[in-house]
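> Below: one structure in structure tokens.
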């Protein structure tokens, strides 16, 4: 126990990877063994991160559970792990969603061994991003997570998977190129990759680099960072990979993709861009806000226009993640003000919430897709009577996504809007306009979600699903088990957000 | 009047003469079918002569003996050893050649020519030198035309004779002019007599050019090379091998001694001339080689190119230059004899000597294939064979003497060389016979061939790897020139 | 340390080659066993050297010196530093795995490895290996050339005899001539340096440690750096002298491709570093911009050309050009990060391409095609090879967690320190590489198995699997624990910097 206490983060981080290696040595054809082993293995990090959550001292500034190991000493990088309130909530989200996603994948029958291994590797990759406070290690995990995701989409995805997976890979790698170069630049300048050191020095760095004034360079590097993370978030207009990837990915892949991978981008904004480039962030916050609003509005419109259920949900992610960036942009405008903190609180909570609801939505789409082998909204209709339990769950989750008060989505979106409007009123008027437009987007959020529910559950019953071999079956116990924790959290945060906002808020106050 | 040094200085020659007389005496007593064994006798005798000379007739400080006719030094001695080694191998290679192997007089002619070469290497006087050259050449004329029934051989002999006679006449004219200007025929006094500026440059240059014609013929420099391919192709193959190695080396022995010792005063003019000659020789030799389809002609033309490389060492006019010439010749003798030996062994069984006939050789006889690999890679200048080190030394000497351009020309040429040598190996290793039945068509080696070829392969590899002793001897030889 | 381990390593393959040549031709299996035994022996020794190299002490270690030709200052001077030790290990690994995948089988139905004249094949391959070891450990310029040439000419035979029927003659000759030209051009430069040293210091020596002190003038170095560096760099596949390389790869039999891309190209880069940069540091500084420009072009151009290839081997061949361009890029920075990265990249790329070519060879042996459009579904048939290829692909893309990243990252940092624009340009290659690697992996391993191939394509052998595992472990190991190698290379880089007068 002592070992785990002192190596808490590294245990959480590497346990899935080691478990994946163990699966490699399991017999090839024992699908159930792979499934249960993977599920068990993914519960361990969850338990440990709960332990971390409850032992986390919210009032203590800086990183906790810090660990540092030499890694690439030649260029001044070390495996430096640590969490603060911001990252811990993300770690919790990841370790929570992974077992659920694995449970959701029990219906996978093809090459379960490779599938489960990739999933566990993916978990390590994601956790690494949230935990590392070394820029290079951050980048390492940032990139490494792509590989399992690529193969999950490419191997277990649906019809158009090749195109989608390659697009996902190339977009993200292409987006990260600037990040890679900027990271290199920072490493060259400071001879270390330790985030804390770099943060301190880079913000005040003024010397020219290679004949180019530091301010110019910083602006370029800022945009390099922004593009890398914006692709991942995804921010309009860098979002085009997302509908494809989400639609083609297997259900669990979409869950993780929407639930966690998108958060990596937002996390990058919070962890790196705001601390490293306060001036540039402030200077370009308007542009960011514009893009965020565009994402909100266009995401909602696009979502409304879809006839593919999964694509609809996918575009809703663009819409929801737009709020996260809106909050961040607002905060960048007015660092240190209360409005900024409120916006940030909202943004971070929105990350968490979207993780829950989007994962849930994708799962529910997957549930019905597995039964009907179609995602075309036109082919559903009036299914509520056939599958009342499923229908109830779907409506509940959709409402969270819609932002119904009492459920979690309302809390976070309200905070974001309150914060950015506050910024607009108190300091930067343009923010008020953006917020107003975003509200318009929110209206359409309601529209497309209701459209989705209507097309699937209500309206005239499509007789095709009512009888015979196509008869739609009810959601099963395993699937309900997947949804229960998500729904519980959705409700809990909606009713009593303080338990998590407390952690987030303290982190925000200390950070910004 | 007579002393031990005097005998020691010509001990190898004496032994060769004794051997020749002995053969002359015993040969008629052997039955026709046993005459082949004269080859064993010649080879053994020469080997014994080498050993005896090596034990008892090593030169000390350079001296001139026999009334100023003979220079007793390491340069001459080392070359003598090389010639005799070539003689041993050639005698072995003679044995299983059906046209000449059982003819005792062939071995005698070989010995006579060797005698001449030995004297060429040590001549310290123009008259002696001329006599030695003729002693060398005349038996070779005969050997080249030895196969009277064969038109090509007859042509070779005759051609060699005509060109040779012409060249040596011109050279003799040059010698006489030198004598006229300097009043002496002693090489070691010429240098004093012909100090720089004592002659009009044009006259000196013209005279040297005349001499160069004769020597150029011997070492087959362009433009005095015309005889070589025809003679090499027509002459009995072992004779071609001998011609292209020992005879060429003898030419270089003279060239080095003559130019380094007798005419250093005119170095500026003749080094430039030789440099140009060297460049032309390499280039022309190589370009002509590119088009050859007959293996003997290929070796003939490439031997012209090798003369060109060797000249770089002469051009350098330095101790390293001279040493590199000697070393190059040592490596070259072993390598080229090996190449010719393989050609002989091959054509003895198959009767063919076009390059394309070598298709599938490595499957017919893996050993012969490997030997061919060694020989041709060495010729191409690849380690770990002698050719590589030799080339590097020659080039090093060239660079040292600031003849970098010449070295660059040499390098471009060796690249061409690599191309055509590898081309031959392609047939040996890559191509197959039309019916792919190589296993049924082996190429057996007789004992003399086996011995000769194995000795040569080992020699080529030793020169290429453990090059220190060879170089020390070459260096010692070169030291005597300064 | 009295055991002359470096000369034993160097001469093991050569002696083995001789022994193999002397064995009767029909004892084919015995030949293979001897080959494997000696390869294993050399591998063990090179691992031993690697781990007993004292990183703290750095500098040249395991030094052996025998006078070879004192009159000209030629000595058999062996020693390894932080740069060459990993390369010695690399050679050992490639030699070992090369023997494994060339094993062949007496059953004529099994189409794998070397069936035709294994005796000669292994003999020539080992001669090549001996030459390679020799170059990496030689501290004497003459011996370096000596071994360098030994490494070059067996390539001709290996490609011409056992290569791909369609192009082997052309490719073998092209390759040999390119390499020979390159090496003799360098040789002229080396000879000039030798005499210039004599003029400057009166010392007649080919010993590179002595030559470092020769004090060549700036003008001299400016003039002679180019021939010396580029002569060797031809073998390193530097643009625009790279085009022998893909042809050679394509034509070569599998094990030779592995050697060629895995080790021989490193030979060029290494010799260019050791002779060009280390002996003519001022020249290097003068011309570094040119190398950097060429290297940057190679990186992007190679990746682009690889992108449009339809022959698997051409694709890997051009990706090698791109990756070796990164090595050159690292060298051209002349700073610690760049040099360190170049050193690691040499190792990483060596292992990676060896793996690529091994797997490509396995696929070709069984399907008789290397055309990407004609392949498919290999993952089901040879999952092991598929996973290996994917790992290789990730290394190739510079994916973090694998050795490629560990190598490329410092290179880019080094470039940042000198000319940031080049880093930006060169980084384009990363995305291109990712694209073609991913597309090709998908096509070759995951798409539907073409009907033509159904039935007669089988899984790889156990020996093949061992080879793949060994190579993959190295790449992942180095990727996860850069500390295993980087400090050593860094020590080597520091030594170079000392000569460059910086650091």
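The values are calculated or read from the model by the stated rules, or taken from the named source; none is laboratory data. All of these numbers come straight from a predicted model, not from anything done at the bench. Every residue, glycine as well, gets a Cβ built from its backbone with ideal geometry; the counts of neighbours run over all protein chains shown.
> Give the range A:191-222 a look and list any residue that's in contact (Cβ under 8 Å) with a residue 40 or more places away in the chain, within 11 Å of chain C (Cβ to nearest Cβ) and farther than 17 Å from residue C:408 by Cβ, or say none.
A:191, A:221
> Looking at (1) within 17 Å of residue C:349 (Cα to Cα); (2) surrounded by fewer than 20 Cβ atoms within 10 Å (Cβ to Cβ), find the lone condition where residue C:285 falls short.
(1)
> Does the range B:370-381 contain any residue that is within 14 Å of another protein chain (Cβ to nearest Cβ), within 29 Å of residue C:198 (Cβ to Cβ), modelled with pLDDT under 90 and not in a helix (DSSP H, G or I)?
yes
> Within the range A:38-45, is even one residue surrounded by fewer than 20 Cβ atoms within 10 Å (Cβ to Cβ) and either within 14 Å of chain C (Cβ to nearest Cβ) or touching a residue at least 40 places away in the same chain (Cβ under 8 Å) (or both)?
Within the range A:38-45, one or more residues are surrounded by fewer than 20 Cβ atoms within 10 Å (Cβ to Cβ) and either within 14 Å of chain C (Cβ to nearest Cβ) or touching a residue at least 40 places away in the same chain (Cβ under 8 Å) (or both).
> Within 29 Å of residue A:485 (Cα to Cα) and modelled with pLDDT of 85 or more, is that true of residue A:415?
Yes.
> Return yes when residue B:469 is more than 11 Å from chain C (Cβ to nearest Cβ) and part of a helix (DSSP H, G or I) and no when it is not.
No.
> Wholly within the range A:395-512, which helices (runs of 4 or more DSSP H) include no fewer than the required count, namely at least 2 residues that are within 30 Å of residue A:52 (Cβ to Cβ)?
So the answer is A:408-426, A:477-495, A:498-511.
> Could you check, for the range B:340-362, whether at least one of its residues is in contact with a helix residue (DSSP H, G or I) (Cβ under 7 Å, 6 or more places away or on another chain), within 13 Å of chain C (Cβ to nearest Cβ), outside any helix (DSSP H, G or I) and under 27 Å from residue C:144 (Cα atoms)?
No: the range B:340-362 contains no residue that is in contact with a helix residue (DSSP H, G or I) (Cβ under 7 Å, 6 or more places away or on another chain), within 13 Å of chain C (Cβ to nearest Cβ), outside any helix (DSSP H, G or I) and under 27 Å from residue C:144 (Cα atoms).
> Of all residues in the range A:232-242, how many are assigned to a helix (DSSP H, G or I) and surrounded by 24 or more Cβ atoms within 10 Å (Cβ to Cβ)?
2
> From the list A:314, A:300, A:295, which residue is in a helix (DSSP H, G or I) and within 16 Å of residue A:409 (Cα to Cα)?
Criteria check complete, one pass: A:300.
> Do you know which residues across the range C:227-243 are outside any helix (DSSP H, G or I) and within 14 Å of residue C:327 (Cα to Cα)?
C:234, C:235, C:236, C:237, C:238, C:239, C:242 - these are the residues of the range C:227-243 that are outside any helix (DSSP H, G or I) and within 14 Å of residue C:327 (Cα to Cα).
> Right, another one. Any residue that is away from chain A (no Cβ under 14 Å) and either crowded, with 17+ Cβ neighbours inside 10 Å or free of Cβ contacts under 8 Å to residues at least 12 places away in the same chain (or both) - is there at least one of those in the range C:442-450?
Yes, that holds for at least one residue.
> Give the residue that is farthest from the other protein chains (Cβ to nearest Cβ), with candidates limited to residues of the range C:194-226 that are closer than 21 Å to residue B:389 by Cα and in a helix (DSSP H, G or I).
Top of the filtered list is C:208.
> Listed residues C:240, C:227; which is within 22 Å of the chain's Cα centre (by Cα), surrounded by fewer than 17 Cβ atoms within 10 Å (Cβ to Cβ) and without any contact (Cβ under 8 Å) to a residue 60 or more places away in the chain?
Result: C:240 is the single residue among C:240, C:227 that is within 22 Å of the chain's Cα centre (by Cα), surrounded by fewer than 17 Cβ atoms within 10 Å (Cβ to Cβ) and without any contact (Cβ under 8 Å) to a residue 60 or more places away in the chain.
> Another question about this same structure. Checking residue C:454 against (1) out of contact with any helix residue (DSSP H, G or I) (no Cβ under 9 Å at 6 or more places or on another chain); (2) at the interface with chain A (Cβ under 9 Å from one of its Cβ atoms): exactly one of these is not met. Which one?
Here residue C:454 clears every test but (2).
> Here are the criteria: (1) modelled with pLDDT of 90 or more; (2) crowded, with 20+ Cβ neighbours inside 10 Å; (3) more than 9 Å from every other protein chain (Cβ to nearest Cβ). Tell me which single one residue B:396 does not satisfy.
(3)
> Does residue C:260 satisfy the criteria of being within 23 Å of residue C:464 (Cα to Cα) and assigned to a helix (DSSP H, G or I)?
Yes, satisfied.
> Picking from C:123, C:171, C:160, which residue would you name as being over 30 Å from residue C:204 (Cα atoms), in contact with a helix residue (DSSP H, G or I) (Cβ under 6 Å, 6 or more places away or on another chain), part of a helix (DSSP H, G or I) and more than 12 Å from chain B (Cβ to nearest Cβ)?
C:171
> Regarding the range C:416-428, can at least one residue be identified that is surrounded by fewer than 24 Cβ atoms within 10 Å (Cβ to Cβ), modelled with pLDDT of 85 or more and either more than 9 Å from chain A (Cβ to nearest Cβ) or at positive phi (or both)?
Looking through the range C:416-428, at least one residue is surrounded by fewer than 24 Cβ atoms within 10 Å (Cβ to Cβ), modelled with pLDDT of 85 or more and either more than 9 Å from chain A (Cβ to nearest Cβ) or at positive phi (or both).
Residue-by-condition table, conditions (1) part of a helix (DSSP H, G or I); (2) modelled with pLDDT of 85 or more; (3) within 7 Å of chain C (Cβ to nearest Cβ):
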{"site": "A:139", "(1), (2), (3)": "yes, yes, yes"}
{"site": "A:148", "(1), (2), (3)": "yes, yes, no"}
{"site": "A:154", "(1), (2), (3)": "yes, no, yes"}
{"site": "A:163", "(1), (2), (3)": "yes, no, no"}
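> To continue, here is another question. Please enumerate the residues belonging to the range C:53-80 that are surrounded by fewer than 24 Cβ atoms within 10 Å (Cβ to Cβ) and either closer than 18 Å to residue C:347 by Cα or within 14 Å of chain B (Cβ to nearest Cβ) (or both).
Once the filter is applied, which keeps residues that are surrounded by fewer than 24 Cβ atoms within 10 Å (Cβ to Cβ) and either closer than 18 Å to residue C:347 by Cα or within 14 Å of chain B (Cβ to nearest Cβ) (or both), the range C:53-80 yields C:53, C:55, C:66, C:67, C:68, C:69, C:70, C:71, C:72, C:73, C:75, C:76.
Here's the yes/no breakdown for (1) more than 22 Å from residue B:25 (Cα to Cα); (2) modelled with pLDDT of 90 or more; (3) in a helix (DSSP H, G or I):
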residue: B:80; (1), (2), (3): yes, yes, yes
residue: B:87; (1), (2), (3): no, yes, yes
residue: B:90; (1), (2), (3): no, yes, yes
residue: B:109; (1), (2), (3): no, yes, yes
residue: B:134; (1), (2), (3): yes, yes, yes
residue: B:141; (1), (2), (3): yes, yes, yes
residue: B:148; (1), (2), (3): yes, no, no
residue: B:153; (1), (2), (3): yes, no, yes
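> Select from the range B:49-78 the residues that are at pLDDT below 85, in a loop (DSSP other than H, G, I, E, B) and farther than 21 Å from residue B:475 by Cβ and write down the one among them that is farthest from the chain's Cα centre (by Cα).
Going through the qualifying residues, I end up with B:67.
> So residue A:168 clears everything in (1) more than 17 Å from residue A:75 (Cβ to Cβ); (2) over 21 Å from the mean Cα position of the chain (by Cα); (3) within 11 Å of chain C (Cβ to nearest Cβ) except one condition, right? Which one?
Every listed condition holds for residue A:168 apart from (2).
> I've got another one for you. Looking at the range B:227-292, what helices (runs of 4 or more DSSP H) fall wholly within it and have at least 2 residues that are closer than 21 Å to residue B:421 by Cα?
B:227-234, B:237-242, B:267-290
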